[in-house]
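The values are calculated or read from the model by the stated rules, or taken from the named source; none is laboratory data. All values reported here derive from a predicted model rather than from experimental measurement. Here the Cβ is made from the backbone with ideal geometry for all residues, glycine too, and neighbour counts use every protein chain on show.
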Amino acid sequence: MKEFVVLGLGSNRSWNGSEPVQLLKSACVQLNSCLSSFRWSSVYRTKPMYVEKQDDFFNMVVCGYADSIEPEQFLDKIHSIEASLGRDRKSEVRNGPRSLDIDIELFGTRKLCSDILQIPHPRISERAFVLVPLLELLSQESDIIDIKHFASALEKLSSSDVEKIISAENFIVG
């Protein structure tokens, strides 16, 4: 069974000669092989949350359909992609600088709460850096997800620190 998956991506640290935007592109290339009908939002520069003394983040949202895979297995794939692009979860500061962060925001209509994964992402409604690109990307997907819910959540937040730097049309994957 195919599940509609929404992922949030972020990067604020270079790795192995690649700048954050290039790391996002590399992640998209790998995610494109995991998701059919793969699409991506524009790239946004955002101020860090939680740990504020670090470089700005570059964020985006991608979506597509995962075929016959459980969310925990998909999380393993995501962790492999992050590791292949320089993320070392064991040595980083939680919410600190990282070469790549990929969060499962939505996985179909599933609700899941385990020690390793929560779906929908528990902080999606407090993150303008996810909601702005999500609404950009999925504004035509009201039959798949409840866009009004996310638009309402964004109205309660300040999105002034979410600056589009590369439009989706100019962010070429592949």
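Name, by its number, the condition in (1) farther than 20 Å from Leu131 by Cβ; (2) among the acidic types (Asp, Glu); (3) buried (at least 17 other Cβ atoms within 10 Å of the Cβ); (4) at pLDDT 95 or above that does not hold for Glu19.
(3)
Within region 127-149, how many residues are of a type in the set (A, V, I, L, M, F, W, C), at pLDDT 90 or above and within 16 Å of Asp103 (Cβ to Cβ)? Walk me through it before giving the result.
Within region 127-149, the subset of a type in the set (A, V, I, L, M, F, W, C) is 128-132, 134-135, 137-138, 144-145, 147.
In the following step, the residues that additionally are at pLDDT 90 or above were identified as 128-132, 134-135, 137.
Still in the list and also within 16 Å of Asp103 (Cβ to Cβ): 128-132, 134, 137.
Qualifying residue count for the region: 7.
Does Phe107 satisfy the condition of being under 14 Å from Gly8 (Cβ atoms), surrounded by 14 or more Cβ atoms within 10 Å (Cβ to Cβ) and touching a Leu at 6+ places or on another chain (Cβ under 8 Å)? Step through it out loud before you land on a result.
Working: under 14 Å from Gly8 (Cβ atoms): yes; surrounded by 14 or more Cβ atoms within 10 Å (Cβ to Cβ): yes; touching a Leu at 6+ places or on another chain (Cβ under 8 Å): no.
Against the criterion (under 14 Å from Gly8 (Cβ atoms), surrounded by 14 or more Cβ atoms within 10 Å (Cβ to Cβ) and touching a Leu at 6+ places or on another chain (Cβ under 8 Å)), Phe107 does not qualify.
Among the residues of region 103-118, is there at least one that is closer than 18 Å to Val173 by Cβ and either of a type outside the set (Phe, Trp, Tyr) or within 12 Å of the chain's Cα centre (by Cα) (or both)?
Kept after step one, since they are closer than 18 Å to Val173 by Cβ, are these residues of region 103-118: none.
No, region 103-118 contains no residue that is closer than 18 Å to Val173 by Cβ and either of a type outside the set (Phe, Trp, Tyr) or within 12 Å of the chain's Cα centre (by Cα) (or both).
Scan (1) surrounded by fewer than 19 Cβ atoms within 10 Å (Cβ to Cβ); (2) in contact with a helix residue (DSSP H, G or I) (Cβ under 9 Å, 6 or more places away or on another chain) for the single condition Glu92 breaks and write down its number.
Evaluating Glu92 over (1) surrounded by fewer than 19 Cβ atoms within 10 Å (Cβ to Cβ); (2) in contact with a helix residue (DSSP H, G or I) (Cβ under 9 Å, 6 or more places away or on another chain) leaves (2) as the failure.
From the list Val6, Val21, Val43, exactly one residue is closer than 21 Å to Ile145 by Cβ and of a type in the set (Val, Ile, Thr). Which is it?
Working: Val21 fails: closer than 21 Å to Ile145 by Cβ; Val43 fails: closer than 21 Å to Ile145 by Cβ.
Among Val6, Val21, Val43, only Val6 is closer than 21 Å to Ile145 by Cβ and of a type in the set (Val, Ile, Thr).
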